[in-house]
1. Multiply the residue separation of Tyr93 and Ile16 by 0.36 nm, subtract the distance between their alpha-carbon atoms, and state the gained length in nm to one decimal.
2. From the helices alone, meaning DSSP H stretches of at least four residues, give me the mean residue ellipticity at 222 nm for the chain, per-run term -39500 (n - 2.57), in deg cm²/dmol to the nearest 500.
3. Would you mind ranking Met82, Met37, Met101, Met254 by Cβ crowding within 10 Å, fewest neighbours first?
4. Remind me, relative contact order of the chain in percent, using alpha carbon pairs under 8 angstrom and six or more residues apart?
5. Once both axes come from the Cα atoms, what is the angle between helix 3-32 and the longest principal axis of the chain, in degrees from 0 to 90, rounded to 10?
6. Sorted from fewest to most neighbouring beta carbons within 10 Å, what does the list Asp227, Asp151 look like?
7. Output the Kirkwood hydrodynamic radius of the range 210-284, Cα pairs only, in Å rounded to one decimal.
8. List the longest stretch of the chain that has no exposed loop site; here a site is one of the GluC sites (Glu not before Pro) assigned by DSSP to anything other than H, G, I, E or B, with at most 15 other Cβ within 10 Å.
Amino acid sequence: MDRFVLTKRIAILGIISNIVLLIFKLFIGFISRSQAMIADGFNSAGDVFASAMTYIGNKIASRPEDQDHPYGHGKAEYIFSMIISFSLVLVAYKIFTGSLMSVIHQETFLFSPALVAVAVLTILTKLALFLYTRKAGKKENNLLILANAEDHRNDVFVTSSTLLGIYLGRQGLTWADGVVGIGISLWIAFTGFRIFKSAYHVLMDTSDDSKLTETVVQAVEAIEGVDHVDRVITKPVGVGYIIIVKVSVLGELMVHEGHSIAAEIRTRVRKCKQVKDVVVHVNPA
């Protein structure tokens, strides 16, 4: 399946499932005055937004190369991943302030079996979504999908914490519900910062794919006529990379011989996964 079609399917699935969970969580949360469940509900609201951003970002990234974008529109994935990270931090702030006020004012909640039912439903749904999206994200090396997978995984832990808060509150520890809400907010903020960091590295052209660099070096060093590799730079361009290779060859070689070696380097490196283009600079050894 095409990576963009797969991402679109995951985004739509995320939007629908999170809207359903959002309605259940906020309805039960406000009725029972459970800050942990309300926090979990706002977290689902953030999930709806994140899935919507995934859908839009994927739609832009799927556009083909054109005159203004010779390497395609792949960086849209990282721009919208960064937007998702901002939304998570805002949701975390909202949850934190609400939960903190709950602890300060010693607000209590009304226990209901529906609280447990919604929490269990969320855990099962999010676990299934996490396993599906993580597998797809790793297969396609897609930050948007991986960001969604991380979000789904976090929700499993978040809602498990919500369930713990409900149990402790049922045992008379009324402050526990608000404390769990605070813990949820901190976890969401941490996830947001981590997604931001991943997107930031790509948008700032950080060359940090050591595995790809190693693969390129091995391919180039195996070419006859190459004395040694001076440097390999992997420049991310959305869903792929521009590889800049600097090599040294014997200084006595004719120009056309050096050109032939450079051409062979380009041919071999282009075979590496996710390589969009290759630039070769030849130095005399």
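Bear in mind that the values in this text are calculations on the coordinates, not laboratory data. Bear in mind the structure is a predicted one, so any value in this text is a computation, not a measurement. Virtual Cβ from ideal backbone geometry, glycine too; neighbours counted across all protein chains shown.
1. Taking 0.36 nm per residue and subtracting the Cα distance, the gain is 25.3 nm.
2. Calculated mean residue ellipticity at 222 nm is -24500 deg cm²/dmol.
3. Going from sparsest to densest Cβ surroundings: Met254, Met101, Met82, Met37.
4. 18 percent
5. 20 degrees
6. Placing the least packed residue first, the sequence is Asp227, Asp151.
7. 12.2 Å
8. 66-223
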